[in-house]
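Participant: Here you go, one structure.
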Amino acid sequence: MNVFVIGANGQIGRHLVQKLEKHTNHTPTAMVRKTEQYENYQDLGIQAVIGDLEGQTEDLTSLMEDMDVVVFAAGSGGHTGADKTMMIDFDGAIKSMEAAKQANVDRFIIVSAIGVHNRDNWMSKAPYYSAAKHYADEWLKKSGLDYTIIRPGGLTNEDGNGKVKVATELERGDIPREDVANVIVACLEDDATVNQAFDLTSGNHLIEDALKQL
């Protein structure tokens with residue numbers, strides 16, 4: 001499949017693009033914001049495009065032509081405020097869904113955050129972040145796209161070991177960013193993850209086995 005990765009310069013995005021590039025069944029296109037990021041991927045022989053989640057939906061649509069799947073792994077980052085979070089994590093996600101539909105892309109995978117489907121679990125420190133993720137996920141469910149919503153716990157930079165825990169509702173826990181990318185790749189291979197939403201942390205089950213519990 002041709003996989004369009006939004007947020008390809010983020011840490012999950014970089015792991016994902018590199019894994020897809022080595023995969024025999026998938027070809028990634030990395031969407032980045034800056035020329036130097038684009039050039040870095042070009043130097044690696046990986047197809048890349050420059051796109052802006054705060055730009056026009058039509059521009060995103062043109063970038064998604066001939067894609068089979070869109071993966072939204074973008075985020076405004078912890079150093080920004082509520083305004084940027086709403087424009088990237090919420091409005092940028094919705095623009096991407098609208099663009100995918102206009103480009104006739106059926107499948108859409110989004111990286112969300114653990115517990116945001118339940119308002120009682122929203123982060124008290126930054127409730128706007130939880131709200132942005134929650135409503136983007138809800139919009140995706142009603143979009144008509146074949147969706148998968150992955151809600152990882154606290155993200156770490158440890159090496160992934162391919163062992164996770166998956167459920168509709170999990171207690172908060174951590175997971176390496178690399179294993180989030182591994183789960184995304186596994187979801188591409190597993191049609192049973194279509195129209196599924198789940199929390200994700202490190203655990204004791206191999207990814208493929210854990211996904212079978214959905």
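The values are calculated or read from the model by the stated rules, or taken from the named source; none is laboratory data. None of these values were measured; they are calculated from a predicted model. All Cβ positions, glycine included, derive from the backbone under ideal geometry; neighbour counts span all protein chains shown. Ligands, DNA and RNA are excluded from the accessible area calculation, which covers all protein heavy atoms including side chains. Shrake-Rupley method; radii C 1.70, N 1.55, O 1.52, S 1.80 Å.
Participant: Going by amide H atoms built from the backbone, whose H comes under 5 Å of the H on A48, apart from near neighbours?
Facilitator: So A48 has HN proximity to A30.
Participant: Would you mind telling me the share, in percent, of accessible area of region 1-147 contributed by carbon and sulfur at probe 1.4 angstrom?
Facilitator: On the way: 3210 of 7060 Å².
The computed percentage sits at 45.
Participant: List the pairs from K19/K133; K142/K165; K141/K165; K34/K163 whose alpha-carbon separation is above 29 Å, in the order I gave them.
Facilitator: Cα-Cα > 29 Å for K34/K163; rest within.
Participant: Let me ask something else. May I ask you to evaluate 6.51 cos²θ - 1.76 cosθ + 1.60, the Karplus curve with θ = phi - 60°, for each residue of region 190-201 and list the ³J(HN,Hα) values in order in whole Hz, giving x for glycine and proline?
Facilitator: Residue by residue, region 190-201 yields 10, 5, 5, 8, 5, 6, 10, 9, 8, 6, 8, 9 Hz.
Participant: Pull up the cross-link candidates among the aspartates and glutamates for K212, meaning alpha carbon to alpha carbon under 13 Å and not fewer than 8 places away within one chain.
Facilitator: Partners within reach: E189, D190, D191.
Participant: Percent relative contact order of region 122-214, based on C-alpha pairs within less than 8 angstrom and at least six residues apart? Provide the component values of the computation, followed by the final result.
Facilitator: On the way: 140 pairs, mean separation 31.8, N = 93.
Value for region 122-214: 34 percent.
Participant: Heavy-atom accessible area per residue, the chain, 1.4 Å probe: how many Å²? Walk me through the intermediate numbers first.
Facilitator: Working: 10210 Å² over 214 residues.
Normalised by residue count, the accessible surface of the chain is 48 Å².
Participant: Assigning unit charges at the beta carbon (Lys, Arg +1; Asp, Glu -1) and nothing else, what dipole magnitude in debye, to the nearest 20, does the chain show about its Cα centre? Walk me through the numbers on the way to the answer.
Facilitator: Values: 20 positive and 33 negative charges, 99 e Å.
Dipole size: approximately 480 debye.
Participant: Given a 1.4 Å probe and the protein chains all in place, what does the accessible area of K165 round to, in Å² to the nearest 10?
Facilitator: Accessible area of K165: about 100 Å².
Participant: Another question, if that's okay. With θ set to phi - 60° and the Karplus curve 6.51 cos²θ - 1.76 cosθ + 1.60, what are the ³J(HN,Hα) couplings of region 29-37 in order, to the nearest whole Hz, using x for Gly and Pro?
Facilitator: The phi angles translate into 10, 8, 9, 10, 9, 10, 4, 5, 5 Hz.
Participant: Something else: Net charge around Q42, counting only other residues with Cβ within less than 13 Å of its Cβ (Lys, Arg = +1; Asp, Glu = -1)?
Facilitator: -3
Participant: Long-range amide H contacts for T148: which residues qualify at under 5 Å (H placed 1.01 Å from N, peptide plane, sequence gap of 5 or more or a different chain)?
Facilitator: Correct list: F108, I109, I110, N195.
Participant: May I ask for the net charge around I114, where only other residues with Cβ less than 15 Å from the Cβ of I114 are counted and Lys, Arg are +1 while Asp, Glu are -1?
Facilitator: Details: positive: R119, K125, K133, R151, K165, R172, R177; negative: D89, D120, D137, E169, E171, D174, D179, D199.
The answer is -1.
Participant: Using a 1.4 angstrom probe and counting only protein chains, how large is the accessible area of S202 in Å², to 10?
Facilitator: Its accessible surface works out to 50 Å², give or take rounding.
Participant: Pop out the ³J(HN,Hα) list for region 136-148 in order, Karplus 6.51 cos²θ - 1.76 cosθ + 1.60 with θ = phi - 60°, rounded to Hz; leave Gly and Pro as x.
Facilitator: Here the 3J(HN,Hα) series is 5, 5, 5, 4, 4, 4, 9, 7, x, 7, 7, 9, 9 Hz.
Participant: Right, next: Once amide H atoms are built 1.01 Å from N in the peptide plane, which residues 5 or more positions from D174, or in another chain, come under 5 Å H to H?
Facilitator: G154, S202
Participant: Excluding A136 itself, calculate the net charge of residues whose Cβ lies under 9 Å from the Cβ of A136, where each Lys or Arg counts +1 and each Asp or Glu counts -1. Write down the numbers at each step before the final one.
Facilitator: Details: positive: K133; negative: D89, D91, D137, E138.
Local net charge: -3.
Participant: On the protein heavy atoms, probe 1.4 angstrom, tell me the percent of accessible surface of region 162-206 carried by carbon and sulfur. Working shown, then result.
Facilitator: On the way: 800 of 1970 Å².
Within region 162-206, the accessible surface is 41 percent carbon and sulfur.
Participant: Pull up the DSSP beta bridges for region 62-214 and report the antiparallel fraction as a percent, rounded to 5.
Facilitator: Details: 6 of 23 bridges.
Within region 62-214, antiparallel bridges account for around 25 percent of the total.
Participant: For region 40-139, build the charge dipole from Cβ charges (+1 Lys, Arg; -1 Asp, Glu) around the Cα centre, then report which of G75, T85, Y129 sits farthest towards its positive end.
Facilitator: Farthest along the dipole direction, towards plus: Y129.
Participant: Would you work out if region 62-214 is rounded, prolate or oblate? Take a ≥ b ≥ c from the square roots of the eigenvalues of the alpha-carbon gyration tensor; rounded if a/c is under 1.5, else prolate when a/b is larger than b/c, oblate otherwise.
Facilitator: Numbers: a/c = 1.64, a/b = 1.09, b/c = 1.50.
Oblate shape, in that a/c is at least 1.5 and b/c is the bigger or equal ratio.
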